[in-house]
Amino acid sequence: MAAKRKPKLAVWKFASCDGCQLSLLDCEDELLAVTDAIEIANFPEASRAIIKGPYDLSLVEGSITTSHDAERIHQVRRMSKYLVTIGACATSGGIQALRNFQDVKQFVAYVYPNPDYISTLSKSTPIADHVFVDYELRGCPINKYHLVEVINAFLNGRRPNTPQHSVCVECKWRGTVCVMVAQGIPCMGPVTQAGCGAICPAYQRGCYSCFGPAESPNAASLAHWFQHLGMSETQIMHAFRGINAYAESFRRESEAHEN
C-alpha cells in the first residue's frame, strides 16, 4: 500500500520583520510534532530546500508594499489550497502602514540619498486587499500556540479555535486590576483582540493593541473615555495609529481625531 502523502506547508515573506516566522521556529517541540504530520515544502527562514507546489497550506507574513509583491501574492494564492495570513503586517498593513496617512515620497526623500532607485507603492496594504484569505491570525508577533492551533485545524478540516474576545477578558482571568479605571492610564484593551495574555496591563501600562481590533470594537466609545482622561485629539489619534493603524475600525477612529 502506498504511503499517504503528507500535506505540504509553505511559508512566504512579504514586507515585514520576520518576527512571525520566527514565532513558528520558536515552537520547538510543538514544531517537531507538526513536522510528523506535514511536509515543510517552502520555508526559507528554516531551510534552503524548496519543494515545488501546489501547497495545501500557505502561511503569509508581511504586507504588500511594491508592485512586484502585488503580483507575487497572486502567484502564491494560485499555488495554495488554503492561505492564512499571520501577523499585523499581513492582516492590517503593519507599522509601515503609517505611511498611508502621508505622502510616501517625502519619507523616501528623507531616508534615502538616491530616492530615484526606490520603487514602492503609495500604501502598505494587508494581503486580504489583494487576494482571498482563508483565515487571519493577528499579533505582533503572533502567539506561537495560536499558530500551532491554526495549522492543526487546517490539517484536520476544522475552523481554528483562537480568541475573539478583548484583552480585558484576559486581564480578568489573570486577576489584573484595570489600569484605566484604577489609575487613569489610557489603555486600548477594550477594543483589542486577546492573544498576548494581557502582558502590558499586568506590568502597569496600557495595552497598545499589538493584536489589532477585537470583534465588533466600539472604538468611538473608547475614544470618549480617553477624552475624560484628558487626552488631546492628537493623542487619541496616535493611540489608534500604532501597529495596526490601517485596520478599518482603528483607521476610521484615528481619522475622526485628526486635525
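Each reported figure results from applying straightforward, stated rules to the coordinates on display, with no laboratory input. This is a predicted model, so every value here is computed, not measured. Positions of Cβ are backbone-derived with ideal geometry, glycine not excepted, and every protein chain shown enters the neighbour counts.
So, R0 is 30 Å and r is the distance between the beta-carbons of Ala109 and Arg205; what FRET efficiency does that work out to, to 0.05?
So, using R0 = 30 Å, E works out to roughly 0.30.
Relative contact order for the stretch 8-155: what is it in percent, counting Cα pairs under 8 Å that are at least 6 residues apart?
In percent, rounded to a whole number, it is 29.
For the chain, give me every cysteine whose Cβ has no other Cys Cβ within less than 4.7 Å, ordered by residue number.
Here Cys17, Cys20, Cys27, Cys89, Cys168, Cys171, Cys178, Cys187, Cys196, Cys200, Cys207 come out as lacking a disulfide-compatible partner, given the Cβ-Cβ threshold of under 4.7 Å.
Cα centroids of the stretch 209-248 and the stretch 37-80: how far apart, whole angstrom?
A separation of 33 Å, based on Cα centres.
How many percent of all Cα-Cα pairs in the chain sit more than 31 Å apart?
Cα-Cα pairs of the chain separated by over 31 Å account for 31 percent.
Highest first, please rank the peptides 98-106, 200-208, 241-249 by the mean number of other Cβ atoms sitting within 10 Å of their residues.
Descending mean neighbour count gives 241-249, 200-208, 98-106.
Rg over Rh of the stretch 167-256, using C-alpha atoms and the Kirkwood radius, what does it come to?
With Rg and the Kirkwood Rh in hand, the quotient comes to 0.93.
Below 8 Å between Cα atoms, with a sequence gap of 6+, how large is the relative contact order for the stretch 167-256 in percent?
Computed value for the stretch 167-256: 25 percent relative contact order.
Collect residues whose amide H, placed 1.01 Å from N in the peptide plane, falls under 5 Å from the amide H of Cys178; neighbours closer than 5 in sequence don't count.
Residues meeting the criterion, in which the H sits 1.01 Å from N, do not exist here.
Would you check the chain for Lys pairs whose C-alpha atoms are within less than 20 Å, ignoring same-chain pairs closer than 8 in sequence, and give me the count?
Lysine pairs satisfying the spacing and distance rule in the chain number 13.
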